[in-house]
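Structure record follows, encoded as structure tokens.
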Amino acid sequence: MHDIDLDELLGDEAGDDKLDNQAIALPDHVAGSGSLDRLVDQARNYAEAATAENTNKAYRADWKHFASWCRRKGVDALVPSPAVIGLYITDCAKPQDGSSALSVSTIERRLSGISSNYRQRGLYLDLKDRHIASVWAGIKRQHSKPPVQKEPVTPEELLKMVAALTFSLRDMRDRAILLIGYAGGMRRSEIVGLDVNRDETEDGRGWVEIEDEGAIVILSTKTGWKDKEIARGSSEQSCPVHALEQWLHFAKVAHGPIFRRVLRDNSGVETDRLSDKHVARLIKRTMLDANIRSELTDKERLALFSGHSLRSGLASYAEVDERYVQKHLGHASAEQTRVYQRRRDRFRVNLTKAAGL
């Protein structure tokens, strides 16, 4: 519920604190021209698109934090010194000024952000240097904690959440988001990134082709374009394809982003794409409305679920061979899929009794 606003973290400062692609420029010996300058601008746009927008924002915040630390310590941030980085991550793990220590995962991302910034500037930071590697190994050993995994939504819980929605335009949209997100095993950015047809928006992540037997979702992923099948459900109430068709029909969405803001009076839709934060808020809200896990307090229940709960729900509870789940979710390895399968299969085989105990 408390999403960090990275734009607010970044503030209005620019200059060397900002990780951008200004390092992509014409060589000094090449004279500029209108045509070449336009190509430089386009190259910078492509470089920016090489990583996800949220990753770029996080990396900019990481560099700003590091550069600010360097200024306070009287160190030049633009010199990639493993010894300085080792001291920096030490201070992050156990700060000397009384501020809160950062988690191991946050420090790891800080290292990635700093390293990425240096690469953009044509500089090299050796993360395997002993000043970094040995300190980092010690930090992980002393401060690492088991990962906190959000709860997957069970099929029964999803149906209750969907049943808690009305048939207003806004709720028709949200019903389609929940069902498509679950059946597609999709990340929240992938859900809101869908367009009606291909090549309709610059910020789109893919599009949907609806057929008689279901829908084909074509997505742009880290490893290229992938497609996944979302078959029709056993009833209209639980069918993700039917929910999507209803939303598109009544919202009169025929071009551009599929999931958009609805006017306050439910009379129509806007043109802007929904933020991916809406998916997380929707899951939490409908979970409360459907009285899911009612034995817990509202605060405890809100902490259980996130935008990832739809994707992990399908992975955890789909009763099919893991290779089908792996392909559907686009996991690079079977081990990624087995993380969810283990949760599903706990205690199915009782080795204690099998051993005669």
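The values are calculated or read from the model by the stated rules, or taken from the named source; none is laboratory data. Predicted, not measured: the structure shown is a model, and the values here were computed from it. Cβ coordinates were reconstructed from backbone atoms using ideal geometry, including for glycine residues, and neighbour counts include every protein chain displayed. For the accessible areas, the whole protein counts, side chains as well, though only heavy atoms, and no ligand, DNA or RNA atoms are used. Shrake-Rupley method; radii C 1.70, N 1.55, O 1.52, S 1.80 Å.
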Next item on the list: Quick one: pull the percent of accessible area on the chain belonging to carbon and sulfur, 1.4 Å probe, ligands and nucleic acids left out.
Entry: 51
Next item on the list: Take peptides 329-338, 348-357, 181-190 and line them up by average Cβ neighbours within 10 Å, highest first, as a rough protection proxy.
Entry: 181-190, 329-338, 348-357
Notebook entry, point to check: In nm, to one decimal, how far is the residue 198 label point from the residue 339 one, both placed 7 Å along Cα→Cβ?
Noted result: 3.2
Checklist line | Estimated D of the chain in µm² per second, where Rh is the Kirkwood radius over Cα pairs and Stokes-Einstein applies at 25 °C, 0.890 mPa s | finding: 105
Item checked: In range of the label at residue 320: residues from the range 147-188 whose backbone nitrogen is under 17 Å from the point 7 Å along Cα→Cβ -> 155, 179-187
Next item on the list: Mind running the shape call on the range 82-218? Use the C-alpha gyration tensor, a ≥ b ≥ c as the square roots of the eigenvalues: rounded below 1.5 for a/c, prolate if a/b tops b/c, oblate otherwise.
Entry: prolate
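Can you give the % of DSSP beta bridges in the chain that are antiparallel, to the nearest 5?
Antiparallel: roughly 90 percent of the beta bridges in the chain.
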Next item on the list: Within the range 229-288, list the trypsin sites (Lys or Arg not before Pro) lying in a DSSP loop whose Cβ has at most 15 other Cβ atoms in a 10 Å radius.
Entry: 252, 264
Checklist line | For the chain, accessible area per residue (1.4 Å probe, heavy atoms of protein chains only), Å² | finding: 59
